[in-house]
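The values are calculated or read from the model by the stated rules, or taken from the named source; none is laboratory data. None of the values given here were measured: they were computed from a predicted structure. Virtual Cβ from ideal backbone geometry, glycine too; neighbours counted across all protein chains shown. Heavy atoms of the whole protein, side chains included, go into the accessibility calculation; ligands, DNA and RNA do not. Shrake-Rupley method; radii C 1.70, N 1.55, O 1.52, S 1.80 Å.
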Amino acid sequence: MHKIVIVGGGAGGLELATKLGDSLGKKKKAEITLIDCTKTHVWKPLLHEIAAGSMNPDKHELEYMAQAHWHHFRFRLGRMDRLNRHKKEVSIAPYIDEDGKEIIPRRSFQYDTLIISVGSTTNDFGIKGAAEHSIALDTQEQAEVFHQKLHHAILKAQTQKKAIQPGQLEVVIVGAGATGVELAAELHKATREMTAYGIDRVNPDRDIKISIIEASSRLLPALPKKLSHSVELELRKLRVHLYMGERVTSVSAKGVTTHTKRFVPSALVVWAAGVKAPDFLKKIDGLETNSINQLLVHTTLQTTRDDSIFAFGDCAACPIDGTDQFVPPRAQAAHQQASLLFKSMKMRVKGKVNLPQYIYKDYGSLVNMGEYSTVGNLMGSLMGGSMFIEGFIARLMYQSLYKMHLMALHGFMSTVLQTLARIITRRTEAQVKLH
């Protein structure tokens, strides 16, 4: 059978593996293998809620092994670090447990078609101290680490005898993109929920501070100004400190310093500025990459130097037809590309070589600020123009994006039943994760 290997089980990679498994895998027309370095999947736009403690990841994570069993593909745990294009083989690094013991030895997998969808990581641009003293929110593990640090900081402030020190309960978020502003709003809500459960020596309005530092002159610099203005108004209502036009030059255990010599004290720094593809992709076995490690691909999503290797999502630099620009690293693009590759793989298995071209369609953006507000702009073929939305309708549309992702993985009825179960159980649970 034709061997299709997908590396990366993010939203796009997992959706593609599921669709291919339900069609080609189930009919024994192809052997589908999904490789990922983690055992579970959580929709990446939810990571800021996990970091704040508003969401318990145990109730939203998906087990790759179970999904593979139900949908006729194979799952293999490990991190790809080598590629041999001549042998058509990917190599997976040994899997090491928390105690440093090797659990799974190095393995290699043969492919006829390789699809790389390993997403992106935060780009700290080599800023002094950023890697050592800040936390990114690229993975569920990082989000949970941040939540633990925040929870422990509040517990320490509750029980210590001395007064709360400057920066002890201040969170600094570097970067005012969607992740940064959504995290700021979610932290405002979650910290107030947390202190309501018997934390009586910490006053969240007085003691807990949230700051955003952004090198650009406005929030959400990649999105329309009207949307940025609306988000700024909401954050100022929440008393989030906004430092616009400030470029971070160093991060230490005590806080953040900017190019204007401004120092913002903080024991909790989140780095949410800039993205890049994982470092292992840089010139991997001769494949062409750009300055942020993205694999260069044609509009068919085939890499420029090997037609049997495809890449999509954040790790791919796909040209926008008729321009010198590339498809932005956004979830909607990965979803669109996964749908295209589903068609392309069925054609490749049949031996066809003229594959469909990917045309990016921008349906707009939504920024979720929890219970406070949701804002966005709808555009492209969906609206025939551009329309600004906010409030209940915008929040409903934001939630529907997650439901669409769940339906792609589980089907309509399972998603409905899961939603009803969460609505019922939510009434008997704390509104914020307390451990």
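If only residues of region 236-260 that are over 30 Å from Lys156 (Cα atoms) and charged (D, E, K, R) are counted, the one that is surrounded by the fewest Cβ atoms within 10 Å (Cβ to Cβ) is Arg247.
Looking across region 86-125, the residues that are within 30 Å of Ala178 (Cα to Cα) and part of a strand (DSSP E or B) come down to Ile115, Ile116, Thr121, Thr122.
Regarding region 160-168, can at least one residue be identified that is part of a helix (DSSP H, G or I), open to solvent by 10 Å² or more (accessible area, probe 1.4 Å), among the polar types (S, T, N, Q) and more than 12 Å from Ala267 (Cβ to Cβ)? Looking through region 160-168, none of the residues is part of a helix (DSSP H, G or I), open to solvent by 10 Å² or more (accessible area, probe 1.4 Å), among the polar types (S, T, N, Q) and more than 12 Å from Ala267 (Cβ to Cβ). Candidates in region 8-60 are the residues that are of a type in the set (Gly, Ala, Ser) and closer than 21 Å to Trp271 by Cα; of these, the one that is nearest to the chain's Cα centre (by Cα) is Gly10.
Of all the residues that make up region 192-217, how many are closer than 30 Å to Gln325 by Cβ and either small (Gly, Ala, Ser) or modelled with pLDDT under 90 (or both)? Total meeting the criteria: 3. Checked across region 297-320, the condition of being touching a strand residue (DSSP E or B) at 6+ places or on another chain (Cβ under 8 Å) and under 30 Å from His151 (Cα atoms) holds for no residue. Number of residues in region 126-154 that are farther than 14 Å from Leu47 by Cα and touching a residue at least 12 places away in the same chain (Cβ under 8 Å): the value is 12. For Ala176, the conditions (1) open to solvent by less than 10 Å² (accessible area, probe 1.4 Å); (2) more than 19 Å from the chain's Cα centre (by Cα) all hold with the exception of (2). Looking only at region 2-52, count every residue that is at pLDDT 95 or above, over 25 Å from Asn84 (Cα atoms) and of a type in the set (A, V, I, L, M) and tell me the total. Of the residues in region 2-52, 1 are at pLDDT 95 or above, over 25 Å from Asn84 (Cα atoms) and of a type in the set (A, V, I, L, M). Can you name the residue in region 296-321 that is assigned to a strand (DSSP E or B) and of a type in the set (Val, Ile, Thr) and, of all such residues, is nearest to the chain's Cα centre (by Cα)? Here the answer is Val297. Residues that are open to solvent by 30 Å² or more (accessible area, probe 1.4 Å) and either modelled with pLDDT of 95 or more or among the aliphatic types (A, V, I, L, M) (or both) within region 218-235 comprise Ala222, Leu223, Leu233, listed in sequence order.
Among all residue pairs at least 6 apart or on different chains, which show Cβ distances below 7 Å where the first residue, located in region 330-346, is free of Cβ contacts under 8 Å to residues at least 12 places away in the same chain and open to solvent by 20 Å² or more (accessible area, probe 1.4 Å) and the second is assigned to a helix (DSSP H, G or I) and polar (S, T, N, Q)? Final answer for the pair search is none. Within region 305-329, being out of contact with any helix residue (DSSP H, G or I) (no Cβ under 9 Å at 6 or more places or on another chain), modelled with pLDDT under 95 and either of a type in the set (S, T, N, Q) or buried (at least 18 other Cβ atoms within 10 Å of the Cβ) (or both) holds for Thr323, Gln325.
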